[in-house]
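Peer 1: Mind having a look at this structure? Questions to follow.
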Amino acid sequence: MPILFAGIDIGSLTAEAVIIESGEIVGSEIISVLPNPVDSAKSVLGKLLSRAGLCREQIAYTVSTGYGREKIQAEGLADENMSEISCHGFGAYHYNPDVRTVIDIGGQDAKVIKIDRDGKLLNFVMNDKCAAGTGQFLEVMSRALGVDLNQLGEISLRSRKPVPLSSRCTIYAETEVMHCLQRGVPKNDIAAGISGAIAKRVAALVKRVGIEPPIMITGGVAKNAAVRREIEKELEVNIIYPNIDPQIIGAYGAAAFAMQKAGKV
Amino acid sequence: MELISSQAPGLENDHVIRWKQSGRSIVGYTCVATPTEIIEAGGLLPYRIRALGNGNTEIADAHLSRFNCSFCRSCLQLGLDGSYDFLDGIIETNGCDHLRGMIENWVYQRRPRFFHYLKVPHLGDSASIEYFVEEIKIYKKAIEEFVGRSISDQQIWEQIGRQDRISDKIRTIYRIREGEKPSITGAETLALFLLATAMPANDAENTLQRAIDDCKDRALDGYKARLLLGGSATDEVDFVAMIERLGGLVVTDTLCYGARAFRPRLLEGKRTDPYLTLANGYLENLLCPRMIDGFRSRLSFLLDAIERAAVDGVVLVHNKFCDLHGIDNVQLRLALERESIPVLQIEKEYGARADIGRLKTRIQAFLERIG
């Protein structure tokens, strides 16, 4: 009978669950978060188990991470909890053991994580003061532009003359975007400016811990190709974009920790 | 530790109540550079003003802006809402502009019976010492006028000797917590010191001795890492307890309400007059970023503590808009990183629990890194 391990990651906008067997992903699930992190954990894990035709008893060890990780453990849904910083680092390492730096851009915060050759956390820096450089920034900007969030990256890539945004603050940048629209600047060029603004903010974080390639990008914002391209330009390095959903890397890391904690590595 | 849990909570503790019931007066002070020996020599109770993690600044916000340190706003709130009405007087120092804004608004609104502004130099050179000697004399005169009697040199020497004994006991507690097998937590130590600076010196001596005795039969275990906590005015016992619940035992500190608040013995180097002794003792040991040209001393103080306590990592914390510690902590962080000492720098709002999730994430990740 296969030994399975699970990771549950509750973010500010989405919740993810991953089940692994011998380090390989057996299944994953992403849902929009519910008001309570424990409910989100129950729901996302329940959906994943149901889809994979598994039951809770088949999971040998579970690690929770993200918001409410302690409560999830206290409710018996996980055996242990780890910070999402360690989990994103470990998840990226398990995806590609060469990775030394991870850029994780989530809905509410952005993190740059440095790991060693064993995937252990060496250093990290976290933007935790405001929405600048996060998914929230992109959400506000896409609303201001009247463009679907998922289209923002695509139209940015079509820009011929990006408009640089001088402000990193979400509120001031929104005003700047409105002003550009009133001046008749094409949306493509404004969107490219937005990608550039977020990239500058993230690049500054990367420089604080030091650029050490290979660098992998994770989190929901990683799905925006224009942001990825702008970060590469700012840092002058290529960034690894995983061929699995970048949003599940944290849960994948949690599952990998579960496997390690259970002494099965 | 039962001693702490039974006495620590609240601003107006049993010692304060008894002191007031006996008809004696209490003088509040905020800055560690205030020679409390003079207050004690005048027969008054010195009380170190604290906010105990109070997050409500509703009244204070009308007087101090959002760009003022939230610790100062929290203290002002307690001053204005009447929580500190047991204070008969207040000593102001020029610790920083936020602190001054807090005290001056407080005094203007509440009009305590006694107020004195003690100017503490920003340098520790001979001219500054000379100036501080004169300032301490003026401060003593102000206390004399308030209590209606003169204070003799002998009385000041006695208080210097008593503070020496208190400092000795605090040093013993630091030796216990910094040792290989600590038997007192960082949260307990902070609560103990808060208690000891809100009671008469005699009681403080006894309380500290009892704490030392209580440590003898205790052992702490289950911690992932040994930490040093450094930074600005942090009297938030809950914040330290939160770090320790996550697995990081705070075995030493460089806090204004901790290690920076006690000084070496002054009586042994007895000089010609007590004012010079106090001026030297307080200025030479003032390891606060308000002091100009003092960074090397502060870094050396930090590195010594790191080595002495064999810490695994350092957490540097400062309150938002605290310019002094905000700048100092960046310099300290860079210096520690150059020495390959793991360090986590945190900027936070005093007393606020709104951002606790992110704080916990960063501290937990740091402990996972070093643990």
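Peer 1: Of all residues being at pLDDT 90 or above and part of a helix (DSSP H, G or I) in the range B:239-268, which is farthest from B:Arg290 (Cα to Cα)? Just the residue, please.
Peer 2: Here the answer is B:Arg245.
Peer 1: Return yes or no: is B:Asp217 under 23 Å from B:Thr172 (Cβ atoms) and of a type outside the set (Lys, Arg)?
Peer 2: yes
Peer 1: Another question about this same structure. Considering only residues that are in contact (Cβ under 8 Å) with a residue 60 or more places away in the chain and within 14 Å of B:Ala219 (Cβ to Cβ), look in the range B:169-188 and name the one that is surrounded by the most Cβ atoms within 10 Å (Cβ to Cβ).
Peer 2: Out of the qualifying residues, it is B:Glu188.
Peer 1: Moving on. Based on this model, can you work out whether A:Ala173 counts as at pLDDT below 85 and under 17 Å from the mean Cα position of the chain (by Cα)?
Peer 2: Answer is no for this residue.
Peer 1: Shifting gears a bit: I'd like to check something: does the range B:218-235 contain any residue that is buried (at least 23 other Cβ atoms within 10 Å of the Cβ) and more than 22 Å from the chain's Cα centre (by Cα)?
Peer 2: Scanning the range B:218-235 turns up no residue that is buried (at least 23 other Cβ atoms within 10 Å of the Cβ) and more than 22 Å from the chain's Cα centre (by Cα).
Peer 1: Restricting the search to the range B:308-340, which residues are of a type in the set (Val, Ile, Thr) and surrounded by 20 or more Cβ atoms within 10 Å (Cβ to Cβ)?
Peer 2: Across the range B:308-340, the qualifying residues are B:Val311, B:Val314, B:Val315, B:Val317.
Peer 1: Another one. Hey, could you check the range B:327-363 for residues that are facing another protein chain (nearest Cβ under 9 Å) and part of a helix (DSSP H, G or I) and say which is nearest to A:Glu84 (Cα to Cα)?
Peer 2: This residue is B:Thr361.
Peer 1: Residue check, B:Thr34 against (1) closer than 26 Å to B:Asp273 by Cα; (2) not in a loop (DSSP other than H, G, I, E, B), all met but one. Which one?
Peer 2: (2)
Peer 1: Determine whether the range B:118-135 contains at least one residue that is farther than 19 Å from B:Gly28 by Cα, in contact with a helix residue (DSSP H, G or I) (Cβ under 7 Å, 6 or more places away or on another chain) and not in a helix (DSSP H, G or I).
Peer 2: The answer is yes, given that some residue of the range B:118-135 is farther than 19 Å from B:Gly28 by Cα, in contact with a helix residue (DSSP H, G or I) (Cβ under 7 Å, 6 or more places away or on another chain) and not in a helix (DSSP H, G or I).
Peer 1: Being in a loop (DSSP other than H, G, I, E, B), more than 12 Å from every other protein chain (Cβ to nearest Cβ) and touching a Pro at 6+ places or on another chain (Cβ under 8 Å) is the filter here; which residues of the range A:100-124 pass it?
Peer 2: Listed by number, the residues that qualify are A:Arg100, A:Arg117.
Peer 1: Here's something else I'd like to know. Only one of B:Gly23, B:Gly28 is among the small types (Gly, Ala, Ser) and outside any loop (DSSP other than H, G, I, E, B). Can you tell me which?
Peer 2: Residue meeting the stated conditions: B:Gly28.
Peer 1: More than 14 Å from chain B (Cβ to nearest Cβ), in contact with a strand residue (DSSP E or B) (Cβ under 8 Å, 6 or more places away or on another chain), surrounded by 16 or more Cβ atoms within 10 Å (Cβ to Cβ) and not charged (D, E, K, R), is that true of A:Gly153?
Peer 2: The answer is no for A:Gly153.
Peer 1: Moving on to the next point. Please go through the range A:78-92 and give me each residue that is surrounded by fewer than 24 Cβ atoms within 10 Å (Cβ to Cβ) and away from chain B (no Cβ under 14 Å), ordered by number.
Peer 2: Hit for the range A:78-92 is A:Asp79, nothing else.
Peer 1: Check B:Met102 against each of (1) within 18 Å of the chain's Cα centre (by Cα); (2) assigned to a strand (DSSP E or B) and name the one condition it does not meet.
Peer 2: (2)
For every residue, the table says whether it meets (1) crowded, with 19+ Cβ neighbours inside 10 Å; (2) at pLDDT below 95.
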| site | (1), (2) |
| --- | --- |
| B:Ile38 | yes, no |
| B:Glu58 | no, yes |
| B:Phe71 | yes, yes |
| B:Ile91 | yes, no |
| B:Asp97 | no, yes |
| B:Arg113 | no, no |
| B:Tyr117 | no, no |
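Peer 1: Give A:Ala191, A:Ala262, A:Ala256 a once-over and let me know the one that is buried (at least 20 other Cβ atoms within 10 Å of the Cβ) and modelled with pLDDT under 95.
Peer 2: Of A:Ala191, A:Ala262, A:Ala256, the one residue that is buried (at least 20 other Cβ atoms within 10 Å of the Cβ) and modelled with pLDDT under 95 is A:Ala191.
Peer 1: Return the residue satisfying two criteria in turn: it lies in the range A:63-77 and is crowded, with 24+ Cβ neighbours inside 10 Å and part of a helix (DSSP H, G or I), and of such residues it is farthest from the other protein chains (Cβ to nearest Cβ).
Peer 2: Selected residue: A:Ile72.
Peer 1: Got a sec? Which helices (runs of 4 or more DSSP H) wholly within the range A:165-265 have at least 1 residues that are in contact with a Gly (Cβ under 9 Å, 6 or more places away or on another chain) and under 25 Å from A:Leu122 (Cα atoms)?
Peer 2: Fully inside the range A:165-265 and qualifying: A:187-209, A:225-235, A:249-261.
Peer 1: So, one more: Please go through the range B:274-307 and give me each residue that is more than 19 Å from the chain's Cα centre (by Cα) and loosely packed, with under 15 Cβ neighbours inside 10 Å, ordered by number.
Peer 2: B:Ile292, B:Asp293, B:Arg296, B:Ser300, B:Asp304, B:Glu307
The values are calculated or read from the model by the stated rules, or taken from the named source; none is laboratory data. Remember, predicted model here, so these are calculated numbers, not experimental data. Note that we place each Cβ from the backbone using ideal geometry, even for glycine, and neighbour counts take in every protein chain shown.
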